[in-house]
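Down below is the structure, laid out as structure tokens.
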Amino acid sequence: MILLLGRRLLEAVGVLFVLSVLIYTIGTLVPGDIAQQMTGIEGATPERMAEFRERLGLDRPLLVRYADWLGDAVRGDFGVSLFSERDIGADIRAQFPVSFEIAVVSVMLAVIIGIPLGVYGAVHTGSILDRLLRGLSLIFFSVPTFVSGVLFVWFGSMFLKPFYTSYYIPFTEDPLANLRAISLPCLAIALPASASIIQMTRSTMISSLQEPFIDTARVKGVRETRVRYLHALRDALGPVVTLIGLMFGALVGGLIIVEQIFNLPGLGRGVLVAIGQRDFPYVIAASLAIATVYIAANLVVDFLYPILDPRQRDQE
Amino acid sequence: MIFQIGGGISMPRPMLTLSASLLSLALVAGACGDDSELIAAQEEAAAAQGAAAAAQGEAAAAQEEAAAAQEEAAAAQEEAAAAKEAAAAAAGSDVDLREVVVSEKAEVYNFDPKNSAGGEFDAPLFTSVFETLVRTTPSGLVEPLLAESWSMADDKMSYTFNLRQGVKFHNGESLTCADVKYSVDRAVSDGIPMVQQRADNLAEITCTDDYTAVYHMVEPDTTFVYTIGDSTGLGFSSILTSTNSAQGTSPVGTGPFTFVSYVPGSALVLDVNRDYWNPSALPDYDRLQVRIIKEDASMVAALRAGEVALIHPTSAATTAGLRGDGSVTIDDIPTRTFWIHASKVGKTRDDNLVKALWLCMDRQALADVVYMGEAVPWSTAHPLVEYALKPEELPNYTRDVAAGKKLIADNGLEGTQLDFVYPTRAPYEDVFFEVLQASWAECGIEVQLSPVEQAVWIPKLINADYDLSSTDQGWYSNPYRYVLPRTGWQAMPDEILPELIPALAALAEATPEERPEAFRAVQMMEAENAYPYSGTVYTNTGHIYRNDLLSNADHSWYLTGDKRVLYLSLTPAD
């Protein structure tokens, strides 16, 4: 286990390094740089623009700039945004918890909704409720978040005022106000996410219920509820846990639309603004934070596999 | 007010007076009887009057007592309020602060004016916290602000500003000429290029004394005072204290609002500056919270839920959707416009092609289809610039498809394909450009629309790397900017229209009396030669506020971009 952890940590460092190189390089290739964005449409003479780029340090070779950035980054200093002059680390420390909280609550909600309903569908395949669930899953899955989000905002502001607010307050400041701020966005994310979990749980559970070890358990006289919810479900959860892990990693950095619609000052919104401004020092720092969550989520999934499937322990 | 009479019968004071009078009348009427009765009645009346007088005396005493009690209560209330404020201050909370919450679409990108590219991003913070020497008004006048008065030298080579005395920065420092010189010198040396450009004609600033600043020009300039009064040029003209070394994180100005906090993507909080030099201008609330809400649908939801008192929607459809709602007030004004640019490089170097483009543009369709009638076809100059020539008075502005087609045919331009590049951000809407595309297609000009990311569009625009493009524009305090070819946006006049250069110089040097004629001369020359850009329509833009939360909100700031005009006008509803 410790060996696995060490190996994964080393891999994580490699992934983060490659990611930072990629973003730094891509940042210089895409049209428009931060100097032009800061100058705006009024433009400037070529001489003045060159002087401005020099002031921002953009005239230095790419490798030198990257080396400088990396030197500071390994010491935990992500520098100051050229655009806003704010400390990038401080901005990310403020934005990350917002996205992280929404991702955690949304995934928990999706799991709470998705797994029991998926199991029910598998156990009662073909029943009216199973068909209804499959239909609803399809609807939840098909409606884009920017449509469902706007509907939630409208419905919440008109009929569910106790669950609606346009202003995010951290949990540490006011738990109740925090709950108001995140309940609708989390529901908007959790419904399509739970649809995926329902479908995945249902199909893997149906396969598991047809495995020979299930027949063996039944022949040995194990009670049906124990067969279904211990033996079969445990076997079926492997792919579901992988899905949840990927879902969680994607959510932390992929909440741009939801954050925009619900006015949440999270990382996705910050990245969107920074990309528009070509503020790549910020984009890299935020991307590394998101990648770290991805890696951590995958690591957790890797550790969960042997717990769910004893055969994996032997492989380790 | 109730008064006690005799053994405890309560009667209002007017009733008491009326009763006494009626009794007297009854007794007088009884005088029709004998004398003894009359005397007895008179005595009774006298007694009743005496009782009434006594009661009135008691009432007066009671009134005095009540007034004294009221005074005591008021004093007690004041004491309680002071105690609450002290407790709130001690606890660091905002108990009983009268707060107004409004929404803004744009984030506050930075706190330092020297990095300000102007426009909506900087207006909420910079126009509230910082001030300029003078300010421009929607009627085109220049008004004093930090400068009480100013004068231009006879040779138009310098401006002398007499600073207001007793003005304090938010950190308690007094405003002097040294701060003015520090602010401008800093903007010129460290500002972004756009800020530096505003100072292109400024040689230096000298301080005659603590309260007299002299701006020396490089060339004669009669419009410079507009440049420093223009709220889109705050990067150059905001006055900062020379003692604040953390301008990028802690903005300190002299304005009517002090900076409290900003959470990116969430909210900007400003407090009313109770030490402001002009207390009569301050609003009837203590704290302003500006929430950043980007989507129109989210804004409307927040307004309906009562979470914000005022919103600024982008889309005409959003405004139209709220028109019938009696619980809100919609204040709008023709504000925003799009100019259409031909680069005059490559294909659009051909004047005949550009003239055909301008002749075929269907401005009325833009007003009717895109803006649902809430727009007026116009030139580049704002409709409030009364002396400007109107579209029908300008060549190549009135739609004439036949003339456009003839120009195309006579000059062998059939089948010309042009690329129209514009940014994919609000307020740009595809439908606007699709209507233009259709109107040009009627003349046989094929235009391909290329919406691109703002960051990609900017270098294309400022390097004239396009056939056709568009910029969103509004009101300018300096009318010169309605007709000024911008560096880089298109081929410059020395290549295209050399005779425009002296005409522009004449406009820059014109006195206010000479300005209308000089402006019209430039307008006419540019329209005749289809250079450098053409106007389309001015659309209504405005704010919407809840009547139960606000009783007033001034929308004139939409012209000047001076958002403090709005913030200072906000009046909480009782």
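Things to note:
- Tensor-based shape of segment B:336-540 (alpha-carbon gyration tensor, a/c under 1.5 rounded, otherwise prolate or oblate): rounded
- Accessible area that becomes buried as B packs against A, both chains, 1.4 Å probe, Å², nearest 100: 3900 Å²
- Most mobile of A:Met38, A:Met49, A:Met247 in a GNM of chain A (Cα contacts under 10 Å): A:Met49
- Shape call, the protein assembly as shown: gyration tensor on alpha carbons, a/c limit 1.5: oblate
- Counting only protein chain heavy atoms and rolling a 1.4 Å probe, the accessible areas of A:Arg48, B:Arg287 rank, largest first, as A:Arg48, B:Arg287.
- Over all Cα atoms in segment A:5-77, the spread is summed up by Rg and Dmax: 16.2, 55 Å.
- In the full protein context, the protein assembly as shown carries 44 Å² of accessible surface per residue, based on a 1.4 Å probe and ignoring ligands, DNA and RNA.
- Accessible area of A:Arg7 in the full protein assembly, 1.4 Å probe (Å², nearest 10): 120 Å²
- Note on surface exposure: B:Met299, A:Met108 rank A:Met108, B:Met299 by accessible area, highest first, 1.4 Å probe.
- When the C-alpha to C-alpha distance is required to be over 21 Å, the pairs from B:Lys114/B:Lys344; B:Lys347/B:Lys405; B:Lys344/B:Lys460 that qualify are B:Lys114/B:Lys344.
- Percent accessible area from carbon and sulfur atoms, segment A:23-178, protein chains only, probe 1.4 Å: 72 percent
- Shown in residue order for segment A:55-67 are the 3J(HN,Hα) couplings computed by the Karplus curve 6.51 cos²θ - 1.76 cosθ + 1.60 at θ = phi - 60°: 4, 7, x, 7, 7, 6, x, 4, 5, 5, 5, 5, 4 Hz (x for Gly and Pro).
- Each residue was assigned an accessible area with a 1.4 Å probe, and for B:Cys207 the value is about 60 Å².
- Each DSSP beta bridge with both residues in segment B:336-540 is either parallel or antiparallel, and the antiparallel ones are about 60%.
- In segment A:188-271 the Cα-Cα distances spread across 5 Å bins starting at 0 as 3, 14, 18, 15, 12, 10, 8, 7, 5, 4, 2, 0 percent of all pairs.
- If the segment from A:Met158 to A:Ile128 were pulled out straight at 0.36 nm per residue, it would be longer than the present Cα-Cα gap by 7.5 nm.
- Applying the criteria of a DSSP loop state and at most 15 other Cβ atoms within 10 Å to the trypsin sites (Lys or Arg not before Pro) of segment B:401-466 yields B:Arg425.
- Neighbour-limited loop hits for trypsin sites (Lys or Arg not before Pro), segment B:153-198 (at most 15 other Cβ within 10 Å; DSSP other than H, G, I, E, B): none
- Rounded if a/c under 1.5, otherwise prolate or oblate - segment B:461-509, Cα gyration tensor axes: oblate
- Karplus (6.51, -1.76, 1.60) ³J(HN,Hα), θ = phi - 60°, over segment B:284-299, in Hz, Gly and Pro reported as x: 8, 8, 9, 9, 10, 10, 10, 8, 8, 10, 8, 8, 4, 4, 5, 4
- A:Leu233 - accessible surface, heavy atoms, 1.4 Å probe, Å² rounded to 10: 30 Å²
- Around B:Asp351: net Lys/Arg minus Asp/Glu count, Cβ-Cβ under 13 Å: -1
- Of all DSSP beta bridges in the protein assembly as shown, antiparallel share, percent nearest 5: 80 percent
- Cross-link reach list, lysines versus B:Lys294, counting only Cα pairs under 17 Å and skipping chain neighbours closer than eight places: B:Lys105
- Trypsin sites (Lys or Arg not before Pro) restricted to segment A:219-316 and DSSP loop, no more than 16 other C-beta within 10 Å: A:Lys220, A:Arg223
- Estimated from helical segments only, the mean residue ellipticity of the protein assembly as shown at 222 nm is -16000 deg cm²/dmol, where each DSSP H run of four or more residues counts as -39500 (n - 2.57).
The values are calculated or read from the model by the stated rules, or taken from the named source; none is laboratory data. All of these numbers come straight from a predicted model, not from anything done at the bench. Don't worry about glycine lacking a Cβ; one is built from the backbone with ideal geometry, like all the others, and counts go over all protein chains shown. What goes into the accessible areas is simple: the full protein's heavy atoms, side chains included, and nothing from ligands, DNA or RNA. Shrake-Rupley method; radii C 1.70, N 1.55, O 1.52, S 1.80 Å.
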